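Taking it in order: structure first as structure tokens, then the write-up.
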Amino acid sequence: MSKKVVVGMSGGVDSSVAAYLLKEQGYDVIGVTMEIWQNEPNWKMEQEGGCCGLSAVEDARRVASMIGIPHYVMNFRDVFQKKVIDYFVREYQLGRTPNPCIACNRYVKWEALLQRSLELGADFIATGHYASIKKCANGRYAIVKSESGYKDQSYALYNLTQEQLKHTLMPVGEYEKDRIRQIAEEQGLPVAHKPDSQEICFIPDNNYKRFLEEETGEKASEGNFVDCMGTVIGRHRGITHYTVGQRKGLNLALGHPVFVVEIRPETNEVVIGQNEDVYAESLLAADLQFMATDQYEEGQRMLAKIRYSDKGQMCTVKQVNGDSMKIIFDQKVRAVTPGQAVVFYQDHIVLGGGTIVKGFGGSD
RNA sequence: UGGGCUAUCGCCAAGCGGUAAGGCACAGGACUUUGACUCCUGCACUCGUGGGUUCGAAUCCCGCUAGCCCAG
């Protein structure tokens, strides 16, 4: 009897091809589209000169019937609201910068979907992520960077648990993005040329400031922009409008570019400085997660990625204190941002990661 | 009220008789399964105002207005 796998189908090319590949490999495949936020976006197929508005659900359903697998829609709005949107809003209010995709992966795409799938008798869940899973020598499962480091999505998957990884398949991780589109085309899948998703899915217009106001029902309170000496140099529109390293939108015409160096929720201040002031040589990470490794040791060397599109920087582990630890970079890194994730790698394998609490050592 | 100085894009600022540099800000786009960074493009037919000189002025002259400084 073939293994049963539930594929999370977003209606995009990647997950569509993932379903197709699994089917080809002989799995008993079930397609599931998760309803996660209120207003389903009507993807406009602006390419090809077409203008037919197709929803994600319809696309997924079409693909499913085309490759001959059942397709279901599951409602995950409650989890999504609680684990992703509420978290997203809360973090910004605390002066931090959240990464909703990571939270969504861990709690919605995996925790919730996996649980429901197992209840349905499935052995695995699968997605169209560009990464692969490997069982290490120590018996632990870990995410490995995709072959095409270009589209690699391992960073956003660093906090999946061992139990989740054990029941996960990522069939597209072994291919390059171009190859995936090619397969979709060869199979005549209607989503072959659908544009890659981008921006925060639940904020289609990308105006997250307005989203926060609508979600909280209140306007962000204004405050002061101060320099490193504490001198007030302007007014800001509310702490939630900024993130470390940001340049645009400050409305500060000082003759030279200036950037956000730090956000201070206690005093409602946003510290401004020059580009060199936003570099840090070390950082404190908390809420440590373990993937390929089950512990971090002082003196340990590894590669650390500070944000999604970061090539990574070598660092050394210092002061491990239970759930948190400090790491020191070989070379300063730009814009270490509280709230974002640090992900550790060794030979393309995800060791684990944590949430950035604070960066240290700018030019101060 | 005397004397001096200055008025050029939202901010700073070139220009010194030949037909408006640049920086910052801002807007749009590219990039991107987060926020950013980065990159590309755009951004004063007009130089406080009214006259005059000149083939031609933001640039020279006169008046007015405003701001700044010194003297009262």
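Remarks
- Residues satisfying the stated conditions in region A:55-100, i.e. within 30 Å of A:Thr267 (Cα to Cα), acidic (Asp, Glu) and in contact (Cβ under 8 Å) with a residue 40 or more places away in the chain: A:Glu91
- Of all residue pairs spaced 6 or more apart or on separate chains, those with beta-carbon atoms under 8 Å, a first member in region A:185-207 that is touching a residue at least 60 places away in the same chain (Cβ under 8 Å) and a second member that is of a type in the set (Gly, Ala, Ser) and assigned to a loop (DSSP other than H, G, I, E, B) are A:Val191/A:Gly11; A:Val191/A:Gly12; A:Lys194/A:Gly11; A:Lys194/A:Gly12; A:Asp196/A:Gly12; A:Ser197/A:Ser10; A:Ser197/A:Gly12.
- Across region A:123-138, the number of residues qualifying as more than 16 Å from A:Gln346 (Cα to Cα) and surrounded by fewer than 23 Cβ atoms within 10 Å (Cβ to Cβ) comes to 2.
- Restricted to region A:74-110, and to residues there that are among the basic types (Lys, Arg) and surrounded by 19 or more Cβ atoms within 10 Å (Cβ to Cβ), the residue that is nearest to A:Leu120 (Cα to Cα) is A:Lys109.
- Of all the numbered requirements in (1) at pLDDT 95 or above; (2) more than 21 Å from the chain's Cα centre (by Cα), A:Cys51 misses one, and that requirement is (1).
- Subset of region A:320-347 (residues that are assigned to a loop (DSSP other than H, G, I, E, B) and within 15 Å of RNA strand B (Cβ to nearest atom)): A:Ala335, A:Val336, A:Thr337, A:Pro338, A:Gly339, A:Gln340
- Condition check for A:Val191: within 15 Å of RNA strand B (Cβ to nearest atom) and under 22 Å from the mean Cα position of the chain (by Cα): no
- A:Val244 vs. criteria closer than 30 Å to A:Trp37 by Cα, among the aliphatic types (A, V, I, L, M), part of a helix (DSSP H, G or I) and near RNA strand B (Cβ under 10 Å from one of its atoms): no
- Note on region A:85-103: residues that are part of a helix (DSSP H, G or I) and either closer than 17 Å to A:Tyr155 by Cβ or within 9 Å of RNA strand B (Cβ to nearest atom) (or both) amount to 6.
- Given (1) buried (at least 19 other Cβ atoms within 10 Å of the Cβ); (2) closer than 21 Å to A:Ala156 by Cβ; (3) at pLDDT below 95; (4) not acidic (Asp, Glu), index of the condition A:Tyr308 fails: (1)
- Test for A:Gln81: is it within 22 Å of A:Gln182 (Cβ to Cβ) and modelled with pLDDT under 95: no
- Inter-residue pairs, beta-carbon under 6 Å, first among the small types (Gly, Ala, Ser) and in region A:141-161, second near RNA strand B (Cβ under 10 Å from one of its atoms) and at pLDDT 90 or above, 6+ apart: A:Ser146/A:Tyr130; A:Ser146/A:Ala131; A:Ser154/A:Ala131; A:Ala156/A:Cys101; A:Ala156/A:Ile102; A:Ala156/A:Asn105
- Residue in region A:256-264 that is under 19 Å from A:Gln93 (Cβ atoms), more than 22 Å from the chain's Cα centre (by Cα) and away from RNA strand B (no atom under 11 Å from the Cβ) present: yes
The values are calculated or read from the model by the stated rules, or taken from the named source; none is laboratory data. Quantities reported herein were computed from a predicted structural model and do not represent experimental measurements. No Cβ is skipped: glycine too gets one built from the backbone with ideal geometry, and neighbour counts run over all protein chains shown.
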